[in-house]
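The values are calculated or read from the model by the stated rules, or taken from the named source; none is laboratory data. All values reported here derive from a predicted model rather than from experimental measurement. Cβ: placed from backbone, ideal geometry, glycine included. Neighbour counts: every protein chain shown.
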Amino acid sequence: MLNYHEIRILSPEKAREIIRKVLGENDKNVSKTARILKIERKTVRRARDGLLSDISCRPHRSPRKTETFLEGLIVKEGKATGYRYRRLSGFLYDKYGLDISEETVKSVLKRNDVKRKTVRTANKRQRHLYDYEALAPFAEMQLDTKHILDLDALPEEVYGHILRHKLPQYEWNIIDAATRIRFTAYSHELSATFGWLFMLIVINWLRVHGVRHHVHIQADNGAEFCASSKQKEENLNTLLKPMNASFTSIPAGKKYLQGIVENSHRHDDEQFLAIHPIRVRSTAGFIQKAERWQDTWNVARRSWGIGMNGVAPLTKLKQKDSLISSSIVQG
């Protein structure tokens, strides 16, 4: 038979009902009831005079508690982004200028039961694409294109403005996996000529600035690259071999291998394309805005990707302490 303490764990209400029943059977004698149930007399009086349910232990006043509107903002952004406390703390500072400690954010997320967004793998383990700590700058790079007029990505008025003023409709990105430094170009059309030329320009720029090790670039199977053609890929690699570089098309259906560059598209939409193109009316004006956005990405915008620890790409490059021309890391 369960004693009072075991019943109390299962159901506080049921335990107090038992106290009241024993108390009634013993002429409401508090001391005798306490001896029978092996509890304190104040516990008997609490069951006799109070409610069956537990009273809240929450303090009446919490002067150091996070303000309601701040807590609501942390919960809102935590649910929207899926970030945990360290990344979310930096995100709130970058977006709103709010300097909220990681511990405060952690407590708010825990108190409000905000779950982290996770991607399930077959064996339920997290797999990184690279060994980010050992990876040299510009050794592994991801290439992709973005159709700026992609439906549902931007406000409706932006689409009309881009078409009306004949602004560039395609964005080309090469991102370094080790530092997240990004090279960006724009075009009015999509073709393999532009794709190959963009790779050659980036590789030559790296060589001019002291990058001597092998550079590997990967991309999807788009027509602007090799379009799943082994012959085209061999021809491209023949062109790149004298430059100590190589190109690989990722297997079909393996878009997660392009996770770094694919993730950048969302930031482009939210922080650049949804805001700035509508303020210009010429390609030259658009390129000026795009150049400032690339500078912001590379120099000022903090990254919370794997291995980045909340620093900007240029800062990460300096931390790598690689033998690269000082003209890249100056500033």
Members of the stretch 73-100 that are of a type in the set (Lys, Arg), in a helix (DSSP H, G or I) and in contact (Cβ under 8 Å) with a residue 24 or more places away in the chain: LYS79, ARG86, ARG87
Qualifying position, being out of contact with any strand residue (DSSP E or B) (no Cβ under 6 Å at 6 or more places or on another chain), under 30 Å from ILE306 (Cβ atoms) and assigned by TED's automatic domain parsing to the domain that holds LYS289, among ALA153, ALA219: ALA153
Number of positions in the stretch 146-171 that are under 17 Å from TRP293 (Cα atoms) and of a type in the set (Ser, Thr, Tyr): 1
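Taking only the stretch 145-195 into account, find how many residues are among the hydrophobic types (A, V, I, L, M, F, W, C) and more than 30 Å from TYR130 (Cβ to Cβ).
In the first step, residues of the stretch 145-195 are kept if they are among the hydrophobic types (A, V, I, L, M, F, W, C); the result is 148-149, 151, 153-154, 158, 162-163, 167, 172, 174-175, 177-178, 181, 183, 185, 190, 192, 194.
Adding the requirement that they be more than 30 Å from TYR130 (Cβ to Cβ) leaves 149, 151, 154, 158, 162-163, 167.
Number of matching residues: 7.
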Scan of the stretch 154-180 for residues that are among the basic types (Lys, Arg) and either under 28 Å from the mean Cα position of the chain (by Cα) or surrounded by 14 or more Cβ atoms within 10 Å (Cβ to Cβ) (or both), ordered by number: ARG180
Residue ID - nearest to HIS128 (Cα to Cα), chosen from residues in the stretch 310-331 that are in a loop (DSSP other than H, G, I, E, B) and at pLDDT 85 or above: GLY310
Conditions (1) under 17 Å from the mean Cα position of the chain (by Cα); (2) under 30 Å from ARG207 (Cα atoms); (3) surrounded by fewer than 12 Cβ atoms within 10 Å (Cβ to Cβ); number of the one not met by ARG127: (2)
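For the stretch 47-65, how many residues are surrounded by 15 or more Cβ atoms within 10 Å (Cβ to Cβ) and of a type outside the set (Gly, Ala, Ser)?
Keep residues of the stretch 47-65 that are surrounded by 15 or more Cβ atoms within 10 Å (Cβ to Cβ), which gives 47-48.
Now drop any that are not of a type outside the set (Gly, Ala, Ser), which leaves 48.
Qualifying residue count for the region: 1.
Identify all residues within the stretch 204-221 that are within 24 Å of ALA178 (Cβ to Cβ), of a type outside the set (D, E, K, R) and either under 28 Å from the mean Cα position of the chain (by Cα) or buried (at least 21 other Cβ atoms within 10 Å of the Cβ) (or both); write none if there are none.
Pass one, the stretch 204-221, residues within 24 Å of ALA178 (Cβ to Cβ): 204-220.
Now narrow it down to the ones that are of a type outside the set (D, E, K, R): 204-206, 208-211, 213-219.
Across the stretch 204-221, the qualifying residues are LEU206, VAL211, VAL215, HIS216, ILE217, GLN218, ALA219.
Return a yes/no flag: does the stretch 281-289 have any residue that is modelled with pLDDT of 85 or more, closer than 16 Å to PRO137 by Cα and exposed (fewer than 15 other Cβ atoms within 10 Å of the Cβ).
no
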Any hit, the stretch 66-74, residues being of a type outside the set (Val, Ile, Thr), touching a Phe, Trp or Tyr at 6+ places or on another chain (Cβ under 6 Å) and within 25 Å of ALA312 (Cα to Cα): no
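Is it the case that some residue within the stretch 164-172 is farther than 18 Å from ILE287 by Cα and among the aliphatic types (A, V, I, L, M)? Don't jump to the end; show me each part of the working.
Filtering the stretch 164-172 for residues farther than 18 Å from ILE287 by Cα gives none.
Among the residues of the stretch 164-172, not one is farther than 18 Å from ILE287 by Cα and among the aliphatic types (A, V, I, L, M), which makes the answer no.
Would you check which residues across the stretch 290-318 are loosely packed, with under 14 Cβ neighbours inside 10 Å and within 23 Å of the chain's Cα centre (by Cα) and list them? It would help to see each step written out before you state the result.
First pass over the stretch 290-318, keeping only residues loosely packed, with under 14 Cβ neighbours inside 10 Å: 291-292, 295-296, 299-300.
Passing the criteria: ARG292, ASP295, THR296, VAL299, ALA300.
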Scope the stretch 147-204; condition acidic (Asp, Glu) and either under 14 Å from ALA219 (Cα atoms) or in contact (Cβ under 8 Å) with a residue 24 or more places away in the chain (or both); matching residues: GLU157, GLU171, ASP176
Hits in the stretch 181-199 (condition: β-branched (Val, Ile, Thr) and surrounded by fewer than 18 Cβ atoms within 10 Å (Cβ to Cβ)): THR193
